[in-house]
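Notes follow once the structure below has been shown.
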Amino acid sequence: MMQSSALLLLAVLLPFASLLLALNPRWQTIYRYCLPVLPLPALLLALLAEPGWWLEMPWLLNGGLWGLDELRRAFLILTALLWSVAGLFATGYLPDRKLRRFCVFWTLTLAGNLGLTIAGDIASFYSFFALMTFAAYGLVVHDGTSQAHRAGRIYLIMAVLGE
């Protein structure tokens, strides 16, 4: 139980902690190669934790409840694998001049996606969903072209209507 709780917190908090790498432009190469590693605690959690346990956090919003059941486990495995593969692809895909911006929005979107997968209460779920949704806008527009900004506007309209 304690190991699962630690992995759960690490899975959600590690992407937030990696934002510190964005503070120094010289660390962006390190940041790039962290992308495929950041989802791995979530993958370990999904593979090692027993389903049916919950981490209660009464101090969080209206009382946070995070954990795993069989359905969340399946989604977490798929989500973590997909993010790791996407992170591996992104390490060689992006030019250095736009890398830091991409990495920041990538890790925020990752944190939101992992968080909503393990959320068991509505406040956590919606908070992580909103984080994922609006951080993904940064991924859409990260290269700064007019086409990217148009796609970003369309994305935001669709995201807000979808909510």
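Please report the relative contact order for the range 25-91, taking Cα pairs under 8 Å with a sequence separation of at least 6, and give it as a percent rounded to a whole number. Each step should come with its number before you reach the end.
On the way: 67 pairs, mean separation 30.0, N = 67.
This gives 45 percent for the range 25-91.
Give me the dipole magnitude in Debye, nearest 20, for the chain about the Cα centre, with unit charges on the beta carbon: positive for Lys and Arg, negative for Asp and Glu. Display every interim value, and only then the final one.
On the way: 10 positive and 8 negative charges, 166 e Å.
About 800 debye.
Surface exposure of the range 65-155, expressed per residue as accessible area with a 1.4 Å probe, stands at 49 Å².
Taking amide hydrogens as placed 1.01 Å from N in the peptide plane, the amide H of residue 68 sits under 5 Å from those of 52, 53, each at least 5 positions away in sequence or on another chain.
Stretched out straight at 0.36 nm per residue, the stretch from residue 27 to residue 48 would grow longer than its current Cα-Cα span by 4.4 nm.
Stretched out fully, how many nm does the piece from residue 81 to residue 97 gain, at 0.36 nm a residue minus the Cα gap? If you can, show how the numbers build up before the last one.
Details: separation 16, 0.36 × 16 = 5.76 nm, distance 2.73 nm.
Stretched out fully, the residue 81 to residue 97 stretch lengthens by 3.0 nm.
Computed in the context of the full set of protein chains, the accessible area of the range 35-102 at 1.4 Å probe radius has 68% of its extent on carbon or sulfur. What the Cβ-Cβ distance of residue 61 and residue 146 gives, at R0 = 35 Å and to the nearest 0.05, is a FRET efficiency of 0.35.
Where the convex hull is taken over the Cα atoms of the range 56-100, what is its projected area averaged over directions, in nm²? Before the final figure, lay out the partial values.
On the way: hull surface 20.5 nm².
Result: 5.1 nm².
Helix 70-93 axis versus longest C-alpha principal axis of the chain: approximately 20°, rounded to the nearest ten. Probing with 1.4 Å while keeping every protein chain in the model, the per residue accessible area of the range 1-50 equals 55 Å². The eigenvalues of the Cα gyration tensor, multiplied by 5 and square-rooted, give the range 1-93 an equivalent ellipsoid with semi-axes of 27, 17, 9 Å from largest to smallest. Counting only Cα atoms, the range 12-163 measures 45, 35, 27 Å along its principal axes, largest extent leading. Quote the FRET efficiency, to the nearest 0.05, computed for residue 37 versus residue 69 with a Förster distance R0 of 25 Å and r equal to the Cβ-Cβ distance. E(calc), rounded to 0.05, equals 0.45. Legend: translational diffusion of the range 35-75 by Stokes-Einstein, Rh = Kirkwood radius over C-alpha pairs, 37 °C, 0.692 mPa s; D = 289 µm²/s.
Taking the centroid of alpha carbons for each part, the range 92-139 and the range 39-68 are 18 Å apart.
The values are calculated or read from the model by the stated rules, or taken from the named source; none is laboratory data. In this text, all values refer to a predicted model and were calculated from it rather than measured experimentally. Heads up, the Cβs are rebuilt from the backbone with ideal geometry, glycines too, and the neighbour counts pull from every protein chain shown. Heavy atoms of the whole protein, side chains included, go into the accessibility calculation; ligands, DNA and RNA do not. Shrake-Rupley method; radii C 1.70, N 1.55, O 1.52, S 1.80 Å.
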